Every structure is written in C-alpha cells, then in structure tokens.
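The structure under discussion appears below in the form of structure tokens.
The values are calculated or read from the model by the stated rules, or taken from the named source; none is laboratory data. Worth saying up front: this structure is predicted, and the values here are computed from it rather than measured. Neighbour counts are summed over all protein chains in view; Cβ atoms, including those assigned to glycine, are modelled from backbone coordinates with ideal geometry. We work out accessible area using only protein heavy atoms, side chains counted, and drop any ligands, DNA or RNA first. Shrake-Rupley method; radii C 1.70, N 1.55, O 1.52, S 1.80 Å.
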Amino acid sequence: MKTRPSIADILSQRREDLLEFKEKVPMEVLMDRLESEKGVMANYQSGNDFNVSINHDEDVAVICEFKPASPSKGHISNLKIQDVLGVFSAAGASAVSILTEENYFNGSLENLETARNIIDLPILRKDFIMDEYQIYEAKLAGASAVLLMNDVYPDIKGGITLCNELELGYIVECKNRENIKHSLAAGAEVIGVNNRNFQNFSMDLRTTQKLSNTVPSDVVLVSESGVQGPEDAKRLAGYGADAILVGSAIMGTSNTDDMYKAANAIISSVKGLKVGRT
C-alpha cells in the first residue's frame, strides 16, 4: 500500500480506477442491475434514515468509520468489517461510514455490501466520488448516503439531485467559506467540514469553529476528522456541530474491547451537548 501520497496522487489513481470499473461493468449493465434489484434495495436504509440518524434534537450524533488505513497514518487496523460493526452499534453509533477506496485506505465496496447485511444502522459510502457512476454503485451496494466533496465532484447540484432521485442521503464536504456558499446555492441540506488540510495532512479542529457560522441552523453540520477522544468531541459540539465523524481514534485501538470503550466514551461525551448555531 502506498503511503503519504499527495491529494493529486489519490485523485489521479481514483480516476484510473473509475475507468477500469466502467470497463468491467459498463454503465448500462449497472443500470440494469439497479432496475432488477429495486425490490431488494427497498429494504435498505434510505437517505431519510441517514438524515434522521445524524440530526438529533439534543445529542450530537456520532458516525463511526471503518477505516483500515489512511494516507496520513498508513496501516491502522487488521480488524475486518465483520469484527467492528457490532462494536459500533453496541457503543451507540448513529450511523456508520465505510471507506471504499482501495489503494490508500484499504477499503472496498465489498465491505459496504457485507455491512448492509449485518447492521441496521444507516451506511455512508466515503470515497473520492467524481462521477455519477459511483453514486449508482453506492446505491446498488446498499449505501444509505454518499460523501460528495465540493472540489472533487464536478456538479454538486446534479449530485444532490441524483441522490434525491435514488433516495440516498449525502454529505457535501467543504473546506472553506466559498465551498459552503457554493454548496448551499446547490441546495445542500447536509454540509461536512473536514478538519484535515489535504495539502499537508495537518489537522485543526478550529476549522469547524471558523466555518460553523457559515452554515445556517436549518442545515446539518457534520464535523469530520481530528477527534482523538471525548474532549475533542465536546469541543466540536461546542462549535455547533450536529454530528461528528470519527475514524482513527476508534479503529486505531488494539482489540474490539478497547474499540468499544473508545467509541462509547466519545459517543457518551456528546449526549445532551447539541448547542445549535445562530
């Protein structure tokens, strides 16, 4: 597995991967599968389920992420998707995020497909989504929602429209005020702020603090990355986050018992701490 690539490296590889996927399973084949499996997909958690799960009245929701590796940390965990989903659920997670990028995060769509059969929580497909093909893939695999990165997906408004048509939820990830303004103009009802700087992989929770007042109170704000424990989670709650996404702090533990303790401590720390935004 490659380590410490640039964001340009990751996106370039993802474009190559996408071309290969489309050659193996052309769009028309994917669409035929979607049509033939409508009845099965009706039983999956929907976009509405995801939206409800991350927008509680009093508690800050926690999305627990299955993250075996990352460009910044390299290898994180040997645990399999089957090992951790029950832990996330028992710890009180509101939803689950599953990385599906293979080269730098050691993820897969197969992990998502496995998850949909063994957990009742809504599932977010987290990836570098740059084409509607990947949104259709996510729906077919059993995702409840997808991550749309403002600077990666070429047509945020079109992506949101497609998600709505497919009854998928979404998080539109933004890194600055311009991204947020653009996403809101496109109709985004869920905004994600990533505390990681993808140019140097540094982390700053104050990114959420700086940008939270740009997100209207009727739009769900998800703070992504950087939570190392309960104190960080409480900080983000104080900054106005409706939900937080946590990966490495939970996945980096040595066994499932410690994973449960880490997840439960973070989730418990933000119960009753939803402060809202003006």
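Summary table
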{"item": "Answer residue from segment 116-131, given it is over 18 Å from ASN51 (Cβ atoms) and in contact with an Asp or Glu (Cβ under 8 Å, 6 or more places away or on another chain) and is surrounded by the most Cβ atoms within 10 Å (Cβ to Cβ) among those", "result": "ASP127"}
{"item": "Those residues of segment 250-266 which are open to solvent by 10 Å² or more (accessible area, probe 1.4 Å) and at pLDDT 95 or above, in sequence order", "result": "THR256, ASP257, ASP258, TYR260, LYS261, ALA262, ASN264, ALA265"}
{"item": "In segment 188-225, residue modelled with the highest pLDDT [restricted to those that are in a loop (DSSP other than H, G, I, E, B) and hydroxyl-bearing (Ser, Thr, Tyr)]", "result": "SER217"}
{"item": "Some residue of segment 6-14 being among the charged types (D, E, K, R), more than 18 Å from LEU162 (Cβ to Cβ) and either open to solvent by less than 100 Å² (accessible area, probe 1.4 Å) or without any contact (Cβ under 8 Å) to a residue 40 or more places away in the chain (or both)", "result": "yes"}
{"item": "Residue in segment 59-75 that is at pLDDT 95 or above, open to solvent by 20 Å² or more (accessible area, probe 1.4 Å) and out of contact with any Phe, Trp or Tyr (no Cβ under 7 Å at 6 or more places or on another chain) present", "result": "yes"}
{"item": "Every residue from segment 15-42 that is open to solvent by 50 Å² or more (accessible area, probe 1.4 Å) and under 21 Å from the mean Cα position of the chain (by Cα)", "result": "ARG15"}
{"item": "Members of segment 98-115 found to be part of a loop (DSSP other than H, G, I, E, B) and open to solvent by 30 Å² or more (accessible area, probe 1.4 Å), listed by number", "result": "GLU102, ASN103, ASN106"}
{"item": "Out of VAL220, VAL190, sole residue that is within 23 Å of LYS274 (Cα to Cα) and either crowded, with 23+ Cβ neighbours inside 10 Å or of a type in the set (Phe, Trp, Tyr) (or both)", "result": "VAL190"}
{"item": "Any hit, segment 81-88, residues being touching a residue at least 60 places away in the same chain (Cβ under 8 Å), within 25 Å of LEU184 (Cα to Cα), within 17 Å of the chain's Cα centre (by Cα) and open to solvent by less than 30 Å² (accessible area, probe 1.4 Å)", "result": "no"}
